[in-house]
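Asker: Before I ask anything, let me first share the structure, which is written out below as structure tokens.
None of the figures in this text is laboratory data; all of them are computed from the coordinates on show. Keep in mind it's a predicted model, so treat the numbers as computed, not measured. Please note: Cβ atoms are built from the backbone with ideal geometry, for glycine as well, and neighbour counts cover all protein chains shown.
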Amino acid sequence: MRRNARIGVTVAVLLAVGLTAAHGAETTEARVAAGIKAAGLAAAGPKPFVEIVCPLMQQQAEERGLRPCPSSG
């Protein structure tokens with residue numbers, strides 16, 4: 001129960017920060033969308049190791065002129 005309350009407070013704070021951090025020229029809808037996106041990213045947590053490392057390894061392989069791996073699908 002306490003964990004749910006903590007998550008709720010975190011999401012509310014992120015929404016508030018997202019709304020106040022947006023520039024004054026933006027519309028309210030854009031600020032709300034930015035806050036929702038920020039809250040969603042925070043709720044999703046960190047990216048898995050594979051999502052971070054694989055693109056970097058692919059970029060390094062391309063820079064070295066290596067052929068891409070065959071797809072498994």
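Asker: How much length would be gained if the chain were fully extended between residue 10 and residue 67, taking 0.36 nm per residue of separation minus their Cα-Cα distance, in nm to one decimal?
Answerer: On the way: separation 57, 0.36 × 57 = 20.52 nm, distance 4.46 nm.
Gain on extension, residue 10 to residue 67, equals 16.1 nm.
Asker: Next up: Suppose each label sits 7 Å from its Cα in the direction of the beta carbon; what would the residue 41-residue 28 distance come out to in nanometres?
Answerer: 2.5 nm
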